[in-house]
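J.: Pasting a structure below so you can have a look.
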Amino acid sequence: MSAPAVGAEQEARAGGWALREWLLVALFYASYSANTISLTAFDATNAARQMDGVLALSDTATGSLLGLGSTAYLVGKFTAGPVADALGGAPTTSLSLALSAASLVFLSTSRSLRSLSLGWMVARYAQAAAWPGVMMMTQHAFVGNGLGTAVGLISTSSRAGAILGNILLGAMLGVGRSWRFVLRAAATWSVIISVLVRVGDRHCRQLQSSPAVDAGSSLAPGPEQAAAKPTRTPFLKFLSVLARSPRIWLIYGSNVFATPVFQFASLLPIYLVQDLGLSQAAASQAAAIFPMASALSILGSTTIWGKLSEPARLVYCATTMAAAVAGMGLIGRVRSTGPLLVSALVLVMAGTSPTFYLASGEYLATVGGTRAGTLTAWLDL
């Protein structure tokens, strides 16, 4: 179940990435950002659905809808990992994006809370498989070749997707497009990326198996990759390792702490519209502060992460999570838009992101082995 830790000598190889490696990072980045754009499309249009005369959703109905989606996401995380281990990273990611897109199209035709609930539950179930799939692709492509750097960069993709989703989709609302159009636009992008994942993965496999690849090429497997493929860890042994690992439980606990903060982003546009009087478009664009702060925090943390010892990383994560707690306290005092609101949102997302994405992602990508998909998904429950 374990794999070699990412050492300094492995990280140094990231500076020697060729065009292929950077293209893979871009593909993996686009894959998970597309998944987040789909989620953001739904969150950004919550207020618009409440104002839709056909639906006339109340705050309670919206909360129930989001709760059902979270339940489906949890079930998806529990089952998506074994599916990813069986199918592989690229097929899992591609199927996740395609099913999520189909669900968004179905949602765009909904005329009742029941159909909205069904469509959103399927969408969230599908979206649960995206991160395990992307992490498996990253592990396969970069183990022994700057894996920590690759994980750090790709971890910002969710925040980039949320930024683009809030700004671009919010702009669509601002020019009079309906929430139904916004969902279809996000679905179209997911389909495009889904196809690119399959094509890119097929091309990558062809290059790796080509006899033209010489030992000095960046496409040649490194010493870690050239080793014999590990046998699949027996499931009961896998469960035993999970139960007895303090580090795994620490990661699980930190994710439990951070997840409610990230879910706050789903309610933020409604809060900005109802309590602070912003328009739907302005509220969606203001919500981009959340992911922007997160992305900058991850990028900044990536530059120093490899230089920190393990005890120093614990202190670093504890400090940033304390900043997130302070930010949530500030949000409760906000009565209007302005520097206080911006500062609070920045503290929250900058504080939770390094632990939620960087620390968890790098560790899971290096220790998962043949159960990497299951481990990644379950610890994201």
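The values are calculated or read from the model by the stated rules, or taken from the named source; none is laboratory data. Bear in mind that the values here come from a model prediction, so they are computed numbers and not experimental data. Neighbour counts are summed over all protein chains in view; Cβ atoms, including those assigned to glycine, are modelled from backbone coordinates with ideal geometry. The accessibility values were calculated without ligands, DNA or RNA, using every heavy atom of the protein model including side chains. Shrake-Rupley method; radii C 1.70, N 1.55, O 1.52, S 1.80 Å.
J.: Given a 1.4 Å probe and heavy atoms of the protein chains only, how would you sort Glu310, Glu21, largest accessible area at the top? Could you put the intermediate results ahead of the total?
T.: Working: Glu310 105, Glu21 0 Å².
The ranking, largest first, comes out as Glu310, Glu21.
J.: Hey, got a sec? Which trypsin sites (Lys or Arg not before Pro) in segment 243-335 land in a DSSP loop and have at most 11 other Cβ atoms within 10 Å?
T.: Lys307, Arg333, Arg335
J.: Oh, and also: Compute the FRET efficiency between Ala243 and Leu340 as 1/(1 + (r/R0)^6), taking r as their Cβ-Cβ distance and R0 = 56 Å, and round to the nearest 0.05. Before the final figure, lay out each step's value.
T.: Values: r = 44 Å, r/R0 = 0.79.
So, using R0 = 56 Å, E works out to roughly 0.80.
J.: Under a crude label model (7 Å from the Cα following the beta-carbon direction), how far is Gln274 from Val325 in nanometres?
T.: Each label point is offset 7 Å from its Cα along the Cβ direction, giving 2.8 nm.
J.: Rg and Dmax in Å for segment 65-127, alpha carbons only: what are they?
T.: Both quantities, over Cα of segment 65-127: 12.1, 37 Å.
J.: For segment 68-130, what is the accessible area per residue in Å², given a 1.4 Å probe and the full set of protein chains?
T.: That works out to 37 Å² per residue.
J.: Okay, moving on. Give the Kirkwood hydrodynamic radius (Å, one decimal) of segment 126-191, defined as one over the mean of 1/r across all pairs of different Cα atoms.
T.: About 13.8 Å for segment 126-191.
J.: Can you tell me the order of 166-178, 319-331 when each peptide is scored by its average per-residue count of other Cβ atoms within 10 angstrom, highest first?
T.: 166-178, 319-331
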